[in-house]
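Before any comments, here is the structure.
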Amino acid sequence: MSSRTKRVEGRSLTVDRSLLQERLVAIVRRFPQRRILVIGDSIADQFVYGAISRVSREAPVFILRHEHTVAVPGGAANCAVNLASMGAKVSLMSIAGQDEAGRALVEKLNAAGVDCTGFLTSDKWQTTTKVRILAGQSNSTRQQVIRIDYEGEPLNNPELRQRLRERVVKQAQAADAIIMSDYNYGVADAEMATFTRDAVKARKIPVLADSRFNLTSFDQFTSATPNQDEVEQLVGMRLKAIGDLESAGEELRDRLGYRALLITRGSRGMVLLEEGVAPVHIDAVGAHDPVDVTGAGDTVMAAYTLAIASDASFPDAARIANYAGGLVVMKRGTASVSTEELENSVLHSELP
């Protein structure tokens, strides 16, 4: 190959990179024009930080000297906060108890700019709360040592379910896209999935699912973002070879009637399976050793949905979601990503 040919090819790659960057940034800059409805299970995430002071005399356990506690929205609420952080107008359909955790959750959501007019609070419901204890020596990084979950009963109250459905019908008419965020606490279940899908069928807006355990209940949606472990659980086998993952993912996408299925693989990136198109593999961006993966799936779903609602192709939406995921795993705790961070990552990180 001549030196001139090498220079031409190098210039071509640079031009292609620049055009892709410009296209992705243009999509991100349309985010503030979009309105997204999130329906799902909200969680109060608490992070309790402490320093190890000594070993207890009562039992062979460490005693932690409490330093501070941080409370942030988790689950569907984290997805909503990420959407708001990326500039979108966001409404959240969910429920919390009339308890301390529920009040703090609503306060944080309002402060983040999330529309909570459809967010129910009830004394018949206990706010799902996940308490993570992070410990370490005085001058060391705090590491999670245990998690304590406070979980209420599944949402079986007919009155509360009806009130949620009424709010979904009202809020969905103005939405550019809908996210169903299912953490198996009863708000975003199969019944709500069918109800929501049918309520917006005539409008033909994107409806996406993020389900930890029950993705097969969300059929005939636009897309979903399971991780590889979740896909393996759904198909009942380990998928060690990339070809096996592609085949299983394509079969799952076809069975659920999705236009596309985005499978996240942590530090190994993502695989996008789109109807009638060859699989697209996207390498992870940023550091390969994440600081904290808590809530990263919510961030990926938020960016992916916003991009699709902003007229992006599925591959471009997946690339933007990949950048968002790469940013959020480098932050501690349940975190969010801003449009400024996202644009900067697209412009200055290596293209996946």
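The values are calculated or read from the model by the stated rules, or taken from the named source; none is laboratory data. Remember, it's a predicted structure, so these values are computed and weren't measured experimentally. Note that we place each Cβ from the backbone using ideal geometry, even for glycine, and neighbour counts take in every protein chain shown. The area values use the complete protein model at the heavy-atom level, side chains included, leaving out ligands, DNA and RNA. Shrake-Rupley method; radii C 1.70, N 1.55, O 1.52, S 1.80 Å.
Taking 25 Å as R0, compute the FRET efficiency from the Cβ-Cβ separation of ARG17 and GLU340 and round it to 0.05.
Approximately 0.75, to the nearest 0.05.
Which sequence of ARG255, ARG34 reflects their accessible areas, 1.4 Å probe, from the largest down?
So, going from the largest accessible area down, we get ARG255, ARG34.
For the pair HIS281 and ASP229, how long in nm is the line joining their label points, each one 7 Å along Cα→Cβ?
A separation of 2.3 nm, rounded to one decimal place.
List the relative contact order of the chain as a percent without decimals, with contacts defined as Cα pairs under 8 Å and 6+ residues apart.
About 18 percent, as a whole number.
Given R₀ = 51 Å, what would the calculated FRET efficiency be for ALA111 paired with ALA241, taking r from the Cβ atoms and rounding to 0.05?
Calculated value: 0.65.
Mind running the shape call on the stretch 10-149? Use the C-alpha gyration tensor, a ≥ b ≥ c as the square roots of the eigenvalues: rounded below 1.5 for a/c, prolate if a/b tops b/c, oblate otherwise.
Oblate, since a/c reaches 1.5 and b/c is not below a/b.
Tally Lys and Arg at +1 and Asp and Glu at -1 over the other residues with C-beta under 14 Å from the C-beta of LEU120: what net charge comes out?
Cβ neighbours under 14 Å give a net charge of +1.
Given a 1.4 angstrom probe, I'd like the percentage of the accessible area of the chain that is carbon and sulfur, rounded to a whole number.
Heavy-atom surface of the chain belonging to carbon and sulfur, 1.4 Å probe: 49 percent.
Where in the stretch 113-138 does the amide nitrogen come within less than 12 Å of the point 7 Å from the Cα of LYS170, taken along Cα to Cβ?
Those under the cut-off are 116-120.
Among GLN46, GLN233, GLN220, which one shows the highest mean-square fluctuation when the chain is modelled as a Gaussian network with alpha-carbon springs under 10 Å?
For the chain, modelled as a Gaussian network with Cα springs under 10 Å, the answer is GLN233.
Keeping all protein chains in place, calculate the accessible area per residue for the chain (probe 1.4 angstrom), answer in Å².
Computed with neighbouring chains in place, this is 47 Å² per residue.
For the chain, which longest stretch is free of loop sites, where a loop site is one of the GluC sites (Glu not before Pro) that DSSP puts outside H, G, I, E and B and that has at most 11 other Cβ atoms within 10 Å?
59-349
For an R0 of 41 angstrom, estimate the FRET efficiency from the Cβ-Cβ distance between ARG57 and LYS124 and round to the nearest 0.05.
Working from the Cβ atoms, E equals 0.40.
Gaussian network model of the chain, Cα springs within a sub-10 Å range: biggest mean-square fluctuation belongs to which of ALA248, ALA303, ALA193?
Of the options given, ALA248 has the highest mean-square fluctuation.
Please report the antiparallel percentage of DSSP beta bridges with both residues in the chain, rounded to the nearest 5.
Rounded to the nearest five, the antiparallel share is 45 percent.
How many nm is it between the label spots at PHE195 and ASP311, if each spot is 7 Å from the Cα in line with the beta carbon?
Spacing of the two 7 Å Cα→Cβ label points: 3.4 nm.
Spelling out what I want: for every residue of the stretch 114-126, take phi, set θ = phi - 60°, compute 6.51 cos²θ - 1.76 cosθ + 1.60 (Karplus), and round to whole Hz; glycine and proline get x.
8, 6, 10, 5, x, 8, 8, 10, 8, 6, 8, 9, 9
Which number gives the lysine pairs in the chain that have C-alpha atoms under 25 Å apart and are eight or more places apart or on different chains?
13
For every other residue with a beta carbon closer than 11 angstrom to the beta carbon of GLY333, add +1 if it is Lys or Arg and -1 if Asp or Glu, then tell me the sum.
+2
Return the sequence-ordered ³J(HN,Hα) values of the stretch 21-35 in whole Hz as given by the Karplus equation 6.51 cos²θ - 1.76 cosθ + 1.60 applied to θ = phi - 60°, using x for Gly and Pro.
Couplings: 4, 4, 5, 5, 5, 4, 5, 4, 6, 8, 3, x, 8, 10, 10 Hz.
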